[in-house]
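Participant: If you scroll down you'll find the structure; I have some questions about it.
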Amino acid sequence: MNLTDLKNDWIKEFPQPMMIAGPCSAESEAQMLETAKRIKDTNAKVPIFRAGIWKPRTKPNGFEGVGVIGLNWLKKVKQEYGFKTATEVANAHHVAAALEADVDILWIGARSTVNPFTVQEIAEALKGTEKTVLVKNPVNPDLALWIGALERLLGQDIKNLGVIHRGFSTYQKTKYRNNPNWQIALDFKSQYPNIPMLIDPSHICGNRTGLADITQEALNVGYQGAIIESHSNPDEAWSDASQQITPEVLAELISNLKVRNSGIAGFDNEMGRHRTLISDLDFQMIELLSQRMKISEQIGKLKKENDIAIFQPERWKVITEYATQKAKETGMSQDFIEKVFKAIHEESIEKQNNIMIDRK
């Protein structure tokens with residue numbers, strides 16, 4: 001059996017889109033129960049309550065989760081409010097404790113997905129389970145690692161699988177905590193349309209702004225649900241406070257989502273994917289241009305300090321020759337590429353000129 005053979009009927013148990021919500025971290029029994037109660041009271045369509053029991057942190061000495069005691073609180077949420085439950089596991093000990101607590105859905109985090117040894121350990125600990133296991137994309141943009149993690153799980157006879165798109169780390173800081181890189185996620189979806197994919201807007205955005213837009217964009221291109229962080233008092237959260245929302249805001253977000261009719265002809269879905277990819281590439285181009293202009297400003301400062309003329313004919317000659325070469329390689333119009341490079345070069349000159357004359 002391979003990944004394309006999986007039926008993944010488990011997702012049919014849940015209303016569409018399938019929503020998973022709850023705090024980033026379990027902090028106390030009171031916090032867990034209050035958050036669950038308020039999600040329930042809003043009548044939000046959230047069948048699954050999530051909470052981080054163990055929290056892998058980038059640096060030591062931070063809050064790394066309450067540990068096993070939090071599983072008791074998760075169990076109490078299930079008993080009192082009827083939610084299915086979900087949490088992250090990162091090693092065999094986590095798996096054993098989560099299974100004993102009868103957690104319904106387990107997910108493998110991005111930091112774990114990137115390490116085949118870790119995934120193999122988790123897979124062997126889960127061998128033959130009928131629990132649903134979700135795999136977040138690895139922190140780095142590597143589609144093979146993502147697929148490989150699922151293959152390791154399938155190799156241990158784990159057949160109820162899904163994935164979570166939570167974005168990818170990047171050295172350059174952008175408006176996102178983790179860049180969506182929609183192309184990678186949609187490539188996965190194209191190869192394995194039978195594997196349910198959820199969006200994690202909380203980790204993509206890193207703040208409360210844009211959560212609804214990212215979630216809606218994912219639904220537009222055929223994702224089956226979302227995992228969103230919700231806390232009874234987000235500003236006081238012990239981890240990732242800035243990206244969590246109250247249960248009431250969560251309910252409003254969900255109520256405003258528009259789900260596409262699965263019966264619509266493939267044209268609309270394909271068009272949505274193409275538009276999403278174009279938007280993603282446009283964003284990346286703007287970010288790269290912004291970085292380029294910052295470097296141009298640094299060059300402008302060096303030219304001013306050394307009394308060097310802004311315009312360098314030799315440099316412009318190199319740019320035009322490069323444009324000609326790239327036009328031939330890519331099959332694009334030489335005239336088009338020259339126009340693009342000319343516009344960029346002119347903006348760079350303008351920025352350097354502003355520096356030369358101390359103009360803001």
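Participant: Relative to the first principal axis of the alpha-carbon coordinates of the chain, what is the inclination of helix 334-356, with its axis defined by its Cα atoms, in degrees from 0 to 90 and to the nearest 10?
Facilitator: Relative to the chain, helix 334-356 is tipped by roughly 80 degrees.
Participant: Which residues make up the longest stretch of the chain clear of chymotrypsin sites (Phe, Trp or Tyr not before Pro) that lie in a DSSP loop with no more than 16 other Cβ atoms within 10 Å, not counting the sites?
Facilitator: 172-310
Participant: Multiply the residue separation of residue 207 and residue 63 by 0.36 nm, subtract the distance between their alpha-carbon atoms, and state the gained length in nm to one decimal.
Facilitator: 49.9 nm
Participant: Follow-up question, since we're still on this one. So what's Rg/Rh here for segment 268-356, counting alpha carbon atoms and using the Kirkwood radius for Rh?
Facilitator: 1.10
Participant: Right, something else. Using 15 Å as the cut-off for backbone N distance, which residues of segment 14-45 belong to the label zone defined by a point 7 Å from the Cα of residue 79 along Cα→Cβ?
Facilitator: Backbone N within reach: 29-30, 33.
Participant: Right, here's the next one. Can you divide the C-alpha Rg of the chain by 2.2 N^0.38 Å and report the result to two decimal places?
Facilitator: Compactness ratio reported: 1.16.
Participant: Efficiency by 1/(1 + (r/R0)^6): what FRET value for residue 284 and residue 325, r their Cβ-Cβ distance, R0 = 22 Å, to the nearest 0.05?
Facilitator: About 0.50, to the nearest 0.05.
Participant: Calculate the FRET efficiency for residue 29 and residue 91 from the Cβ-Cβ distance with a Förster distance of 30 Å, rounded to the nearest 0.05.
Facilitator: Given R0 = 30 Å and the Cβ-Cβ separation, E is 0.75.
Participant: Could I ask something else about it? With a Förster radius of 51 Å, plug the Cβ-Cβ distance of residue 298 and residue 275 into 1/(1 + (r/R0)^6) and report the FRET value to the nearest 0.05.
Facilitator: Here the calculated transfer efficiency is 0.90.
Participant: Calculate I(q)/I(0) for segment 33-152 by the Debye formula, one identical point scatterer on each C-alpha and no solvent, and give its log10 at q = 0.12 Å⁻¹ to two decimals.
Facilitator: Those come out to -0.46, one per q.
Participant: Next question. I want to verify a result. In a Gaussian network model of the chain, Cα cutoff 10 Å, which of these has the top mean-square fluctuation: 324, 58, 85?
Facilitator: Of the options given, 324 has the highest mean-square fluctuation.
Participant: Next question, about the same structure. Say a site is exposed when it is one of the GluC sites (Glu not before Pro), sits in a DSSP loop, and has at most 14 other Cβ atoms within 10 Å; what is then the longest site-free stretch of the chain?
Facilitator: Longest run free of exposed loop sites: 131-360.
Participant: Using a Gaussian network model on the chain with a 10 Å cutoff between Cα atoms, which of 131, 84, 328 fluctuates the most?
Facilitator: Residue with maximal mean-square fluctuation among 131, 84, 328: 328.
Participant: Let me ask something else about it. Let me know the shape class of segment 1-103, please: from the alpha-carbon gyration tensor, a ≥ b ≥ c as square roots of the eigenvalues, rounded when a/c is under 1.5, otherwise prolate if a/b is greater than b/c, or oblate.
Facilitator: oblate
Participant: Could you please rank 333, 230, 348, placing first whichever residue has the fewest other Cβ atoms within 10 Å of its Cβ?
Facilitator: Ordered from fewest to most neighbouring Cβ atoms within 10 Å, 333, 230, 348 come out as 333, 348, 230.
Participant: So how far apart, in nm, are the two label points at residue 172 and residue 339 if each is 7 Å from Cα heading toward Cβ?
Facilitator: 2.4
Participant: Before rounding to the nearest 500, sum -39500 (n - 2.57) across all DSSP H runs of length at least 4 in the chain and divide by the residue total; then give [θ] at 222 nm in deg cm²/dmol.
Facilitator: Here the helix-only value at 222 nm equals -16000 deg cm²/dmol.
Participant: Continuing with the same structure: Could you name the lysines whose alpha carbon sits less than 19 Å from that of residue 175, not counting residues in the same chain fewer than 8 places away?
Facilitator: Result set, ordered by chain and number: 294.
Every read-out reported here was derived from the displayed coordinates using simple, explicitly stated rules and does not represent laboratory data. Since the model is a prediction, treat every value here as computed from it, not as a measurement. When we count neighbours, we look across all protein chains shown, and the Cβ atoms used for this are built from the backbone with ideal geometry, even at glycine.
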